1. Taking the Cα-to-Cβ direction at A:HIS106 and at A:THR364 and moving 7 Å from each Cα, how far apart do the two end points lie in nm?
2. Using the charge dipole of the protein assembly as shown (Lys, Arg: +1 at Cβ; Asp, Glu: -1 at Cβ; taken about the Cα centre), state which of A:LEU357, A:THR76, A:ALA41 has its Cα farthest towards the positive end.
3. So between B:LEU84 and B:ASP105, what do we pick up on full extension, going 0.36 nm a residue minus the alpha carbon distance?
4. Please list, in order along region A:419-426, the HN-Hα scalar couplings obtained from phi with the Karplus expression 6.51 cos²θ - 1.76 cosθ + 1.60 (θ = phi - 60°), rounded to whole Hz, x for Gly and Pro.
5. Projecting each Cα onto the charge dipole of the protein assembly as shown (Lys/Arg +1, Asp/Glu -1 at the beta carbon, about the Cα centre), which of A:LEU342, A:GLY121, A:LEU435 comes out farthest on the positive side?
6. Can you give the calculated 222 nm mean residue ellipticity of chain B, where each DSSP H run of n ≥ 4 adds -39,500 (n - 2.57) and the sum is split over every residue, rounded to the nearest 500 deg cm²/dmol?
7. Rounded to whole Å and sorted largest first, what semi-axes of the equivalent ellipsoid does the C-alpha gyration tensor of the protein assembly as shown yield via the square root of 5 times each eigenvalue?
8. Distance in nm between label sites at A:ALA281 and A:ARG448, each 7 Å beyond Cα in the beta-carbon direction?
Amino acid sequence: MNNLVVAPIVVPLAAGAILMLTRRLALQRLISLVSVALVLAVALQLAAQVWTEGVQVLYAANLAAPFGITLVADLTSAAFVAFTAMAALAVLLFAFPSLTRAQEEHYFYPGFQYLLVGVNGSFLTGDIFNLFVFFELMLMSSYLLAALGGRRRQLRETLKYVLINSVVSGFFLLGVGALYRTYGTLNMADLAVRISLSDSGGWLTVIACMFLVVFGLKAAVVPLHVWLPETYTAAPAAAVAFFAGVLSKVGIYAILRTYTLLFVEDPAFTHHGLLLWLALATMIIGIVGAVGQADFKRLLAYDIVSQIGYMLLGIALYTPLGIAGTVLFVVHQMVVKTALFLCAGAAERVAGTTHLLRMGGLLTTHGPLGVTYLVAALALVGVPPLSGFFGKIALVQAALESERFATAAVAIVVSLGTLYAVIKVFRLAFWGEVLGDRLVNKHSHEFRAMLIPIAGLLVVSVAMGLGAQQLHFYAAAAADQLLSGQAYIRAVLGEFDPSSYGL
Amino acid sequence: MEILLSITIGVVVGSAVYLLLTRELLRVIVGSVLLGYGINIALFMSGGVAPGAPPILAEDGSMPAPVMDPIPQALILTAIVISLGVFALLLALGYRTFEDHATTDVASLTGVEHE
């Protein structure tokens, strides 16, 4: 029992409730900042505890698993919560100068706190139905943030986003029902034990596919990616940066958790077959979409899809190195993708448009923004010593070790495509003659306030690159924990006797 | 009883899919909510169906002979509350979209132009 596990959920929940009570913006900003900083501190403390003492568990109301609500923090979820908090801090600092007054007054800050509740809850829950509840909480807040401002395009795209997600939530419930009907429990550790003790004769694979549709939509896995670019280009810049950096990774986390703990009956079909093909398709179609775009945000949004393919690749290979690569890649993306979208948001604020052909020459007029963009872009591509390199090399190496040479080749070629896409943005938007308007002065307080959070994220990215060895140790340990599952199961269920299951 | 409920689920989900595939915005919204209801019944059945049986223990703490599993019922309760919230949001969002776009035809809401 460790009460710290619930803190990343309770702190933003309380802050969100308090934020609804005040309409004073200065106070709202202060409270949300304190809340996110607190979550970051707690998350780092939690990660340190998990590292030294093993998996941490909280039984709500002291009802032991599998009967009560359980929250579990293992190495993977603790790391994801910590990096989420970092991204959230940067996004919040960026929101202060970039949001309009109307957006701030219409509950951006409470919505953001509840979004954080949903994300952290999804990472920490040890129960498949609570995963559904936290997903819905996260989605509800994201609907609010996506529609905030009420421009024509935003309303239209948010409506589609809500509709698609509400249909897929139905699939989630159906999957939960099927699991409950088959195994009579919803606690993930208990489910893992029951699954390992019985042979479902292929039925589990059907359930696995059902959940893959749900989590794949959240993560924007091809062919369920079509909603992402449009939704992400319509919403306010600060919200989009958090969606891009963190929200799509929650889907990947859910796949990572369920496909290492629960759906491991037939990896030859689910992992090496289905997931591998989906990973390859996601990488390729995502990058092809990105290369052809002439819009800053839309190009980056398609690039999210292609990066999701890499994360899926590690799970599909289903080797310790592959899973470690996925963990590394997710935390890297949480930092770098957020930074890139913040750059796009700052460029939009400066030039008044996101169209690449109407904002040329930003490097001449707003030099520091060009520099931060270039560093973030190189980190995304995976130029050492920035953070992207180490996740990618682990994934490629894992593919080579499993003798999947074509897969490794695709991963490398897609990486070159990413380089082309981000350099295209640099060439059109930052290089060349000065085109279009400049709405924000380079020396203004506003511009500096937008640059600080981006620079902060880049410092984290460089630190992750320089401390790659430690990070790799951590990721390898996290992968071991995920793959064996024993530490997780024993932490949740305690010492138990398999024969008591009567299966 | 299970057969009857299965047929009900089929009819409800079938109607929902039909509504989801129409071009009228309000119908699509109602369809997505109806789909949720169909799936709620399926979830209800996941604990097994024992007609007339209570989902609680008897007064002396013993388990009555046919007993309903209360867990799926609790799950549905949560799911209904969530779907109510999403329904309200969808209606509001749908109405605002109709106001701004002056149409409820889904096909004219595609839009990939640069605005």
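Read-outs: derived from the displayed coordinates by stated rules, not from any lab. Remember, it's a predicted structure, so these values are computed and weren't measured experimentally. Glycine gets a Cβ as well: all are built from the backbone with ideal geometry, and neighbour counts include every protein chain shown.
1. With each label placed 7 Å out from Cα toward Cβ, I get 3.8 nm.
2. A:LEU357
3. So the extension gain works out to 5.2 nm.
4. Working through the residues one at a time gives 4, 4, 5, 6, 6, 4, 4, 4 Hz.
5. A:LEU435
6. -22000 deg cm²/dmol
7. 39, 29, 24
8. 5.1
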